[in-house]
Amino acid sequence: MAATTEQGGLPEPGPESARAVPAGVEYHRVLAGERRRIGRGVLAIVLLLAGMVVLPTVLGRMSALVDAQLGNTPTTVGGTDYTPLQHATTMIALGLLAPWSMLVQRLLYGAPGASLHSVVSRFRLDLLGRALLVLGPGWLIVNGLGALVAPAEEMPWSQAELLVMFLVVLVLTPLQATGEEYGFRGLMFRVLGSWARGRRAGLVTGVLASSVLFTAVHGSTDPYINVWYFVLGAGLAVITWRTGGIEVAVVLHAVLNTGVFLVAVLLRIDLGAALQDRSAGVGSPYQLVPTLAVVVITAAVWWWARGTGPARTPAARAGDEAAATGPRDRSVESGRERPAVSGKPVL
């Protein structure tokens, strides 16, 4: 059997090390080891952020060539047209952060890409579906109302452009949100969480630091918007930890962005201007409403997960040394990381 450290983290190299997260290890501690490996972590974060810049830039330049043939001058090349093609390539580029994050984790830490989904190394579709049904409608209404009351410039879209943009938003925005979640609540949360010695310290470090960076990359100078981004990032990180995976965070981020973009399209709002303008004064007090909703949702998920929710650590597999000693407490309530007891990964 491959050995693990008391700090958590992946097993030492061996025949079993590529197949699963060790029993008893929480999501944010998968990359933890005897050494903090801060230099490696900084490199991972730099590569992630570079992906956020390089991927949209490269794909944006390529789509601009097509737009130019159609008579458009997209904003990616200094123009004023925010076209459906430009929006589509931006969504796809950010969606590619998911496989990019898996690749960075694999190259720098040797961790299987599938472990970024959850502590059971798979994307739990049942958990995603139930989160969508239970949390999605209310979350959509709260953020949709915010988009309705926010002042914005109108865009003279044609009927064809409106239809294409509507389809692009509906199909590709969830992909964009998923990519960002794998980047920030996946790779970055894990890297930062591995720098502390203990489980709780790693959780606090991972939640706060990843949320600060999540806020910073959005480049806003408006206090309402910055508070919103920070609380959203922190809430999604806590939910990821508490549910042992990325699925619920993906649902909330995807519903948020898709709903806001759809309202913007239906109201003929200039998406390009709205996405680029995050200057002071753009936000409004209403932004505190979805901010409060994040706190409520996070508390609700925390409460639910303590009872019948998914295990936040993987169970010991049959034949493992941990299984031979009998069931252990899967909630890991003490400060020391322990093997987990089996549990159903359902919401």
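Observations, loosely collected:
- ALA131 modelled with pLDDT of 95 or more, small (Gly, Ala, Ser) and under 29 Å from VAL164 (Cβ atoms): no
- Filter result for ALA237 (touching a helix residue (DSSP H, G or I) at 6+ places or on another chain (Cβ under 8 Å) and not polar (S, T, N, Q)): yes
- Given (1) modelled with pLDDT of 95 or more; (2) more than 17 Å from the chain's Cα centre (by Cα); (3) not polar (S, T, N, Q), number of the condition MET91 does not satisfy: (2)
- Selection from segment 194-219 of residues that are polar (S, T, N, Q) and not in a helix (DSSP H, G or I): SER194
- When every residue of segment 163-170 is checked against the conditions, none turns out to be modelled with pLDDT under 95, of a type in the set (A, V, I, L, M) and in contact with a strand residue (DSSP E or B) (Cβ under 9 Å, 6 or more places away or on another chain).
- Options ARG61, ARG36, ARG29: the member that is modelled with pLDDT of 55 or more, basic (Lys, Arg) and more than 24 Å from the chain's Cα centre (by Cα): ARG61
- Qualifying residue in segment 223-244 (condition: in a loop (DSSP other than H, G, I, E, B) and either of a type in the set (Asp, Glu) or on the phi < 0 side of the Ramachandran plot (or both)): no
- Hits in segment 213-236 (condition: more than 14 Å from the chain's Cα centre (by Cα) and of a type in the set (A, V, I, L, M)): ALA216, ILE225, VAL227
- Filtered residues of segment 98-113 (kept if under 23 Å from HIS253 (Cβ atoms) and either out of contact with any helix residue (DSSP H, G or I) (no Cβ under 6 Å at 6 or more places or on another chain) or at pLDDT below 95 (or both)): PRO99, LEU103, ALA111, GLY113
The values are calculated or read from the model by the stated rules, or taken from the named source; none is laboratory data. Being a predicted model, the structure only gives us computed values, none of them experimental. Please note: Cβ atoms are built from the backbone with ideal geometry, for glycine as well, and neighbour counts cover all protein chains shown.
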